[in-house]
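Asker: Following this message is one structure expressed as structure tokens.
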Amino acid sequence: TKYEKRLLEIYRELNKRGLPKSSFYNTICSDIKTRQNQINSLKSGVDVVLVLGSKSSANTANLFSLAKKVCAKSFLVSEPDELPEGEIARAKEVVLATGASTPDAFLNSVEKRIKNLYKRGERDGRRQGAEQLRKCRTEGF
């Protein structure tokens, strides 16, 4: 996905130079396009964006790059211990976005941890953790 536009430019240039009959297929999956569009459509009211996935994934890195343009407090999280609990504790709205190969179990464990932060804050008499949690997945927000 990272080099999609550049590859298309190269393909067009090769066609101009007489490349034999060929086809160019944009193979980015619709799930990823949906997630990218969801990230791009975020409003300024979002306090924190957590992009969950491997730091070596081009797809996840692209989502993270898009998220940083929309929300200054965007974090790439590969392990549960990397959650920015302090930022989450101060946030009213947190968005979770995942790379294509991020396991649902990881997403679910992060979601549970964030909800537990909020419950713990309520028990202690102070608001802590996101009041609203949205997941950026194929099914939408």
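Asker: For the stretch 50-60, enumerate the residues that are surrounded by fewer than 20 Cβ atoms within 10 Å (Cβ to Cβ) and over 14 Å from LYS33 (Cα atoms).
Answerer: SER54, LYS55, SER56, SER57
Asker: Considering the stretch 73-91 alone, what residues qualify as being surrounded by 13 or more Cβ atoms within 10 Å (Cβ to Cβ) and farther than 21 Å from ASN40 by Cβ?
Answerer: If the condition is that a residue be surrounded by 13 or more Cβ atoms within 10 Å (Cβ to Cβ) and farther than 21 Å from ASN40 by Cβ, then SER78, GLU82, LEU83, PRO84, GLU85, GLU87, ILE88, ALA89, ARG90 are the ones that fit.
Asker: What's the number of the only condition in (1) modelled with pLDDT of 85 or more; (2) of a type outside the set (Ser, Thr, Tyr); (3) at negative phi that GLY53 fails to meet?
Answerer: Checking GLY53 against (1) modelled with pLDDT of 85 or more; (2) of a type outside the set (Ser, Thr, Tyr); (3) at negative phi, the one that fails is (3).
Asker: Also: Cβ-Cβ distance below 6 Å, separation of 6 or more or different chains: which pairs start in the stretch 96-114 with a residue that is in contact (Cβ under 8 Å) with a residue 24 or more places away in the chain and within 18 Å of ASP31 (Cα to Cα) and end on one that is among the polar types (S, T, N, Q) and not in a loop (DSSP other than H, G, I, E, B)?
Answerer: GLY99/ASN59; GLY99/THR60; ALA100/ASN59; LEU107/THR98
Asker: Still on this model: Please give the number of the condition SER56 fails out of (1) more than 11 Å from ALA97 (Cβ to Cβ); (2) touching a residue at least 24 places away in the same chain (Cβ under 8 Å); (3) hydroxyl-bearing (Ser, Thr, Tyr).
Answerer: Result: SER56 passes all but (2).
Asker: Tally time: how many residues in the stretch 96-117 are open to solvent by 60 Å² or more (accessible area, probe 1.4 Å) and modelled with pLDDT under 85?
Answerer: Number of matching residues: 4.
The values are calculated or read from the model by the stated rules, or taken from the named source; none is laboratory data. Please read these numbers as outputs of a predicted model, since none were measured by experiment. With ideal geometry, Cβ positions are generated from the backbone for all residues, glycine too; neighbour counts draw on all protein chains shown. Accessible surface areas use protein heavy atoms only, side chains included; no ligands, DNA or RNA. Shrake-Rupley method; radii C 1.70, N 1.55, O 1.52, S 1.80 Å.
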